[in-house]
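S.K.: Take a look at this one; I'll ask things after.
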Amino acid sequence: MAHALLLLASASREEELVFWLDRHGRSLAGLPLLATAELARRLRELVPAGDLPLAELPALADGGDIMAAARVLAGEVVAVIAFADPCEPPGSTPDPALLLRACDLAGVPLALNAASADLALRGLAHGRMAYLLFNPVAGQGDPNADLALIRSILEPQLLITVLLTRPDLDPAEQTRELVDILQARPAGDPGDVMIVACGGDGTVSAVAGAVADTGIVLGVIPRGTANAFAAALGIPTDLIGACDTILAGHTHVVDAARCNDVPMILLAGLGFEAGMVDRATRELKTMLGPIAYVLAGAQQLVAQQPFQARVEIDGALTVVQAAAITVANVAPATSVLAQGFGQVIPDDGLLEVTIASPTTRLQGFNALASLLASAVVQSPTTHPDLLCLRARQITITTDPPQKLVIDGEMLEADPVTFTCLPGALTVFAPLPLP
């Protein structure tokens, strides 16, 4: 357990430590704890397990303080709270001399009573803490090596708590639970906390959607195939560069959005975009990387059929025949279907809407070429088969109903309403070039 708070107590002072923990329960919420077996039992009775991440050491009688000292020397402990009885003879457990030696060698704070424990907790609260949501199945690299590299860069300056995403749990739900814990802490405690999303755009989008409008700063370490969110904000797509960006501390306030009740950070697509993403399976992306989207796009271009779309903006209704509709909040130039205006502005309080309505495959190729040219020169397209709009809110109804993709995830909904959330996200990103 990385950077845990280690808890020990003599039998005669166990109640005193339990009282201290009860008094500081809200400040400790979400901080990994490491305790001997006898203390762990008491803590599980005191606080719900979900609110107090707890790992257990052997009992003191079985060498729990020796194992604790080993964890300190291994660099797994951020501070030690050890309420030892000063009246007990030398060699009693927990052994203050053993802990003092281990903490001295490892440079770890050691608190032996409630007053010094208060100071230690206050120091932790005003340090820089980061909760890292790490997706081990994202990307094509070795997840263990990648995580080790990330921690080696970040941990000298940040207190890192690693939370692995799980296939049986939506990372957005994991993040919401974490946000609830952090927001329940006393005002101003901790002084500087961040949530870092490490994975592909799906992971980043899920975490960002849960962080939006909370005031918690988001860090992004891309490990996916496209890494569109990072690319759009200029965040380096290599692990070292992304970590350095977080440590530099520069932030960019950007918009978020919602599609019906679903958070949207990047973009949504109806028609062509959704079909392309649906064809670009995880297996195909693992084999081909970004080329998977090119192959899937070529296949979808042949298969795509036009559909009728009713588009409502600010009470005004427009009916069009379309092959693709893209609604973008943040998107890099490589998201070609979002480039009707030549660029997607991430902090203007508006969504960029591009509607493509070619009637033949040749017109479809020409429209794509026009969008690509617009992205290169960063100016709006003038192609007759492309309609470009900017709006804070837009409702779209399709006939027949079309596949919908939001930030790379396939969904079903008709009609769909997109709403921009201006300035909802604060993200670590490089300073813009002059």
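The values are calculated or read from the model by the stated rules, or taken from the named source; none is laboratory data. If you're wondering where the values come from, they're calculated on a predicted model, not measured in any experiment. Neighbour counts run over all protein chains shown; Cβ positions are idealised from the backbone, glycine included. SASA here: full protein model, heavy atoms, side chains in, ligands and nucleic acids out. Shrake-Rupley method; radii C 1.70, N 1.55, O 1.52, S 1.80 Å.
S.K.: With a 1.4 Å probe and all protein chains kept in place, how do Arg258, Arg41 rank by accessible area, largest first?
M.R.: Working: Arg258 85, Arg41 140 Å².
Sorted by accessible area, descending: Arg41, Arg258.
S.K.: Work out how far the C-alpha atoms of segment 336-415 reach from end to end along every principal axis, then list the three figures in whole Å, largest first.
M.R.: Result for segment 336-415: principal-axis Cα extents of 35, 34, 21 Å.
S.K.: Roughly to the nearest percent, how much of the accessible area of the chain is carbon and sulfur, given a 1.4 Å probe?
M.R.: 57 percent
S.K.: Something else now. Long-range amide H contacts for Ala55: which residues qualify at under 5 Å (H placed 1.01 Å from N, peptide plane, sequence gap of 5 or more or a different chain)?
M.R.: Leu33, Leu34, Ala35
S.K.: Another question about this same structure. Please compute the alpha carbon radius of gyration of the chain, then divide it by the globular-protein estimate 2.2 N^0.38 Å. Two decimals is fine. List each step's numbers first, then the result.
M.R.: On the way: Rg = 26.0 Å, N = 434, 2.2 N^0.38 = 22.1 Å.
Rg over 2.2 N^0.38 Å, computed on Cα atoms: 1.18.
S.K.: Set the Förster distance to 41 Å, then compute FRET efficiency between Leu372 and Asp168 from the Cβ-Cβ distance, nearest 0.05.
M.R.: About 0.55, to the nearest 0.05.
S.K.: Take the alpha-carbon centre of segment 194-261, take the same for segment 91-105, and report the distance between them in whole Å.
M.R.: Rounded to whole Å, the Cα centres lie 42 Å apart.
S.K.: What residues have an amide H closer than 5 Å to that of Ser335, excluding those fewer than 5 places away on the same chain, when H is modeled at 1.01 Å from N in the peptide plane?
M.R.: none
S.K.: Under 5 Å between amide H atoms, partner at least 5 residues away or on a different chain: which partners does Ala257 have, H built in plane at 1.01 Å?
M.R.: Excluding prolines and chain starts, which carry no amide H, the hits are Met264, Leu421.
S.K.: If you take the beta carbon distance between Gln183 and Thr360 as r and set R0 to 60 Å, what does 1/(1 + (r/R0)^6) give as a FRET efficiency, to the nearest 0.05?
M.R.: FRET efficiency, Gln183 to Thr360: 0.65.
S.K.: Follow-up question, since we're still on this one. Calculate, for the chain, the solvent-accessible area per residue in square angstrom, rolling a 1.4 angstrom probe over the heavy atoms of the protein chains.
M.R.: 44 Å²
S.K.: What value in Å³ per residue do you get for the convex hull of the alpha-carbon atoms in segment 151-260?
M.R.: Details: hull volume 13.7 nm³, N = 110.
Looking at segment 151-260, the number lands at 124 Å³ per residue.
S.K.: How big is segment 63-133 by Rg and Dmax over its Cα atoms, in Å?
M.R.: For segment 63-133, the Cα radius of gyration and maximum Cα-Cα distance read 13.1, 45 Å.
S.K.: Could I ask something else about it? What distance in nm separates the two pseudo spin-label positions at Asp261 and Ala145, each 7 Å out from Cα along the beta-carbon direction?
M.R.: Each label point lies 7 Å from its Cα, and together they span 4.4 nm.
S.K.: Quick one: Karplus J couplings for segment 412-418, per residue in order, coefficients 6.51, -1.76, 1.60, θ = phi - 60°, nearest Hz, x for Gly and Pro?
M.R.: Each residue of segment 412-418 in turn: 10, 6, 6, x, 10, 10, 9 Hz.
S.K.: Another question, if that's okay. Quick one: how many Å² of Asp348 are accessible to a 1.4 Å probe, rounded to 10?
M.R.: About 50 Å², rounded to the nearest 10.
S.K.: Assuming a ≥ b ≥ c are the square roots of the Cα gyration tensor eigenvalues, decide whether segment 128-170 counts as rounded (a/c under 1.5), prolate (otherwise, with a/b larger than b/c) or oblate.
M.R.: Because a/c hits 1.5 or more and a/b fails to exceed b/c, segment 128-170 counts as oblate.
S.K.: At 0.36 nm per residue, and after removing the present C-alpha to C-alpha distance, how many nm does the segment from Ala248 to Thr397 gain when stretched out fully? Don't jump to the answer; show the numbers that get you there.
M.R.: Numbers: separation 149, 0.36 × 149 = 53.64 nm, distance 4.42 nm.
This chain segment gains 49.2 nm when fully extended.
S.K.: Would you kindly state how much longer the chain becomes between Thr382 and Ile313 on full extension, computed as 0.36 nm times their sequence separation minus their alpha carbon distance, in nm to one decimal?
M.R.: Working: separation 69, 0.36 × 69 = 24.84 nm, distance 2.13 nm.
Computed gain between Thr382 and Ile313 is 22.7 nm.
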